[in-house]
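Q: Questions regarding the structure given below will be posed in turn.
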Amino acid sequence: MLKDIDPLLTGELLHHLDQLGHGDVLGLVDRNFPAYRYGRPVVDLRGADTAAAARALLSVLPLDGFVEHSVHRMEIDGEPDTEHEATRALAQIAAAAEGRQVTIASVERFAFYEQAAQATVFVQTGETVPYSCYLLRKGVV
């Protein structure tokens, strides 16, 4: 165990985070997302919800400040403007971690699946709220 490192940040996950470069994408996805489809590493955090995983990740992972939206979310089918509690929690956690407002762009579900192919690694949570899938673009320290 490392001092002041969130226990959700396992050695495997820290290894993947360390390998990310500026602009690389991490998929933070719920339990229903087909993460293994993409042939990228998948870190299983199914004991955590979106908020817990985001809090751990964003304690060490900077978001890209050079793009308009460093976080994208999967839209709810038929309700593109609806943001559920997991998304609101992620926005608050990201703002606190970054010290600035972080807006989360919405992406239609099937377009999100296409964009997810850009992810270098996926973190799969046990989030039970459907459509709790996000793409986070890494920034610089």
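Q: Collect the residues in the stretch 16-38 that are under 12 Å from C133 (Cβ atoms) and outside any strand (DSSP E or B), keeping them in residue-number order.
A: D30, R31, N32, F33, P34, A35
Q: Mind listing whichever residues of the stretch 52-67 are in a helix (DSSP H, G or I) and either surrounded by fewer than 17 Cβ atoms within 10 Å (Cβ to Cβ) or touching a strand residue (DSSP E or B) at 6+ places or on another chain (Cβ under 9 Å) (or both)?
A: Of everything in the stretch 52-67, those that are in a helix (DSSP H, G or I) and either surrounded by fewer than 17 Cβ atoms within 10 Å (Cβ to Cβ) or touching a strand residue (DSSP E or B) at 6+ places or on another chain (Cβ under 9 Å) (or both) turn out to be A52, A53, A54, A56, L57.
Q: Still on this structure, I have one more. Checking A105 against (1) closer than 26 Å to K3 by Cα; (2) within 13 Å of the chain's Cα centre (by Cα); (3) aliphatic (A, V, I, L, M); (4) not in a loop (DSSP other than H, G, I, E, B), only one condition comes out false. Which one?
A: (1)
Q: For the stretch 46-60, check the following and say yes or no: at least one residue is over 14 Å from the mean Cα position of the chain (by Cα) and at negative phi.
A: Yes: one or more hits.
Q: Still on this structure, I have one more. Given the structure, is E98 surrounded by fewer than 21 Cβ atoms within 10 Å (Cβ to Cβ) and under 12 Å from R73 (Cα atoms)?
A: It is false that E98 is surrounded by fewer than 21 Cβ atoms within 10 Å (Cβ to Cβ) and under 12 Å from R73 (Cα atoms).
Q: Give the residues of the stretch 111-141 that are assigned to a helix (DSSP H, G or I) and either of a type outside the set (G, A, S) or modelled with pLDDT under 95 (or both), sorted by residue number.
A: Taking the stretch 111-141 and keeping what is assigned to a helix (DSSP H, G or I), we get 111-116.
Result: F112, Y113, E114, Q115.
Q: Can we say E108 is touching a strand residue (DSSP E or B) at 6+ places or on another chain (Cβ under 7 Å), farther than 19 Å from T128 by Cα and modelled with pLDDT of 95 or more?
A: no
Q: Report yes if some residue within the stretch 68-79 is within 14 Å of V29 (Cα to Cα), in contact (Cβ under 8 Å) with a residue 24 or more places away in the chain, part of a loop (DSSP other than H, G, I, E, B) and in contact with a Leu (Cβ under 9 Å, 6 or more places away or on another chain); otherwise report no.
A: No: zero hits.
Q: Now for a different question. Only one of (1) in a helix (DSSP H, G or I); (2) over 20 Å from D18 (Cα atoms); (3) over 13 Å from the mean Cα position of the chain (by Cα); (4) not aromatic (F, W, Y) is not met by A97, so which one is it?
A: Condition (2) is where A97 drops out.
The values are calculated or read from the model by the stated rules, or taken from the named source; none is laboratory data. Nothing here was measured: the structure is a model prediction, and the numbers come from that model. Here the Cβ is made from the backbone with ideal geometry for all residues, glycine too, and neighbour counts use every protein chain on show.
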